[in-house]
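A short reminder: the numbers here are calculations on the coordinates, not readings from a lab. Worth saying up front: this structure is predicted, and the values here are computed from it rather than measured. Positions of Cβ are generated from backbone atoms using ideal geometry, with glycine treated the same way; all protein chains shown enter the neighbour counts.
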Amino acid sequence: MTNFSYAVTLGLLGLTTINATAQTATPARMISEPVLRSHLSFLADDLLEGRGTGQRGGDLAVRYLETQAAIIGLQPLKSAAVTGYRQSVRIIGSQTLPESRISFQINDRTITPTLGSEIVFGSSGGKEKVALDTPVVFVGYGIRAPEEQWDDFKGVDVKGKLLIMMVNDPRPTKEEPQRFAGEALTYYGRWTYKFEEAMRQGAAGVLLIHTTPSASYGWNVPQTSFSHERFSLPGMGNAVEGWLQEENARTLFAAAGLDLDRLRASAEQRDFKPVDLHIKAQVNIQNQVRQVEQFNVLGMVPGTDPKLATEAVIYSAHWDHLGMEKTADGKTHIWNGAVDNASGSAALLAMAQAAVRQPTKRTQIFLWPCAEEQYLLGSQSYVSNPPWPLAKTAADLNLDSMNFVAATHDIGVAGSERSSLYDSATKVAAQMHLQLAPAVPDLGGAYFRADHFNFARAGVPAFNVGSAVFSGDGHFHFAKQPEQTLKEQMKSFKADYHTERDTYHAQWDLSGMVQQAQFTLNLGYEIANAKTMPVWKKGEAFANVKRQ
């Protein structure tokens, strides 16, 4: 366990920097570094076993969060969807068993990629056994986007077939520099969209070709995700979902007499049509399936204005990570997820403690969704059965993987430019003497990878209040020296992301984390006390969504 006296000492040493950047906060609303650190060190401790979905550690995290919510003074929401501080989320867990195989029959040749190192796959929907003998079709990016005049399926019937797709979007061209948002990634480029579109097309399943540039992360990320139990909401998913290493895809295509690079080049054109690879996939998946009940944890600070109190600002941060696993050799592996996302969960507790001391005109809701690491299932369940009407929800401000290095001169607000939240963020940043981090193309689709995205899809202005954690591009500037060393420390987290190395360190300077939490709370207060709710910018697709 963490030495809490040491944590408190470090917190006191960081107060000077924190106070200097919290100009809009009254003393009652100041975020406490020792409080945030104490929650962080506990939530990331081995005792919580990585806070895994459907695991004992996850149950402990929920119990801790709801107990702290009660101690802090958050009130339960008055909703049939909530019991106390819990919203039930029923999901299906599927663990792919080692004997599962996918083989490809090409003429007289059989290619069987090695599960884990060359291919990863699983099933959604709760099937214990999946047995298929089906044709394989290459469908380019697997996108249907009428507003881009793009259709990779062209009316071709792919029902019951195994699809191979590329991740990311079609690349911009000299003639169309803003095709699919230019260099930025749209939702069409995300693997979640690919799986969804395969299901809409009635396909047997989909394998995505992995490259680090196109996915924006290494093979270790899907490898880790598919080695764990995977979860889905009832009725979601495909019989086969997975990733194929690029070199194995190249071998597969070559065996069929096809050039992968040439086909990928053809998929950059609007006239691309699905290509029958003349390959048969023989699929045999054995799953261990169970029904699991998980919980979103949430509580509120009621608004003070008789009219505006019916509207709410939501602060969110997922509590789950990848959990614990005992391997056949007797070793125990724990994915503590200190940065991702004990940091955000702890910050919300510290923010809530400050918020109850100074309510706002609108209601403030603090939400800890479950199963974010499992395709954002907790937040998806929230917006599907909202305890607070989405039409009366002003915004969702999400925290995920926070700044664990040091305070900065700037703050990331990527995604806020889609709505009037950008104007509010600009005002709050100026009050705190912070610069807004320069806008850069969203190459990795960060806007679609955290819980706020489900709120955006449901019509609620939302974004992830960012830091330097995933930037790695030098756009953030630290408030102390040596700055280059701090940047390298931040950049190194990319190698620790979704590994057992994402653990809490008592020597961390949390002034940047406190700064980020304070900015988020200050922004929430700006929104919660404003005369009107935020609105989407003209042309944003989310503006056309009718809220519940």
When the Kirkwood hydrodynamic radius is evaluated over all pairs of different C-alpha atoms of region 252-329, what value in angstrom, to one decimal, is obtained?
20.3 Å
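How do Thr114, Thr251 line up, fewest other C-beta atoms within 10 Å first? Please report the intermediate quantities before stating the final value.
Values: Thr114 10, Thr251 16.
By the 10 Å Cβ count, ascending, the order reads Thr114, Thr251.
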Applied in sequence order to region 231-242, the curve 6.51 cos²θ - 1.76 cosθ + 1.60 (Karplus, θ = phi - 60°) yields integer Hz couplings, x standing for Gly and Pro, of 10, 8, 7, x, x, 9, x, 10, 5, 9, 9, x
How much length is gained on full extension from Thr112 to Arg90, taking 0.36 nm per residue of separation minus their Cα-Cα distance?
4.4 nm
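Taking the Cα centre of region 94-289 as origin, work out the dipole magnitude from +1 charges on Lys and Arg Cβ and -1 charges on Asp and Glu Cβ, in debye rounded to 20. All intermediate terms of the calculation are to be shown ahead of the outcome.
Details: 21 positive and 25 negative charges, 58 e Å.
My answer is approximately 280 debye.
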May I ask you to list the trypsin sites (Lys or Arg not before Pro) in region 93-162 that are in a DSSP loop and have at most 10 other Cβ atoms within 10 Å of their Cβ?
Lys159
Binning at 10 Å from 0, report for region 94-289 what percent of all alpha-carbon pair distances ends up in each bin.
9, 38, 38, 14, 2, 0
Going by C-beta contacts inside 10 Å, put Thr211, Thr304, Thr186 in order with the fewest on the left.
Thr304, Thr211, Thr186
Which entries in Lys78/Lys392; Lys78/Lys361; Lys487/Lys537; Lys127/Lys161; Lys194/Lys280; Lys194/Lys392 show an alpha-carbon gap greater than 24 Å?
Lys487/Lys537; Lys194/Lys392
Amide H contacts under 5 Å for Ala414, placed H, 5+ residues apart
Gly466
Sparse-neighbour loop sites [trypsin sites (Lys or Arg not before Pro); region 506-545; at most 11 other C-beta within 10 Å; DSSP]
Lys531, Lys538
Rg/Rh of region 87-208 (Cα atoms, Kirkwood Rh), to two decimals, equals 1.02
For region 440-451, in order, what is each residue's ³J(HN,Hα) by Karplus, 6.51 cos²θ - 1.76 cosθ + 1.60 with θ = phi - 60°, in whole Hz (x at glycine and Pro)?
10, x, 7, 5, x, x, 4, 5, 9, 10, 9, 4
What list do you get for Tyr85, Tyr497 if you sort them by fewest beta carbons within 10 Å?
Tyr497, Tyr85
Three principal axis lengths of the chain [C-alpha, angstrom, descending]
75, 57, 52
Expressed as an acute angle from 0 to 90° and rounded to the nearest 10, what is the orientation of the C-alpha long axis of helix 246-255 relative to the principal long axis of the chain?
10 degrees
For region 203-355, fraction of C-alpha pairs farther apart than 23 Å, in %
62 percent
Taking θ = phi - 60°, what integer Hz values does the Karplus form 6.51 cos²θ - 1.76 cosθ + 1.60 yield along region 409-416, in sequence order, with x for Gly and Pro?
8, 9, 9, x, 10, 4, x, 5
Rounded, prolate or oblate: which fits region 149-249 when a ≥ b ≥ c are the square roots of the eigenvalues of the alpha-carbon gyration tensor, with rounded for a/c under 1.5 and prolate only if a/b beats b/c?
oblate
Kindly provide the Kirkwood hydrodynamic radius of region 369-463 in Å, to one decimal, from all pairs of distinct alpha carbon atoms.
14.5 Å
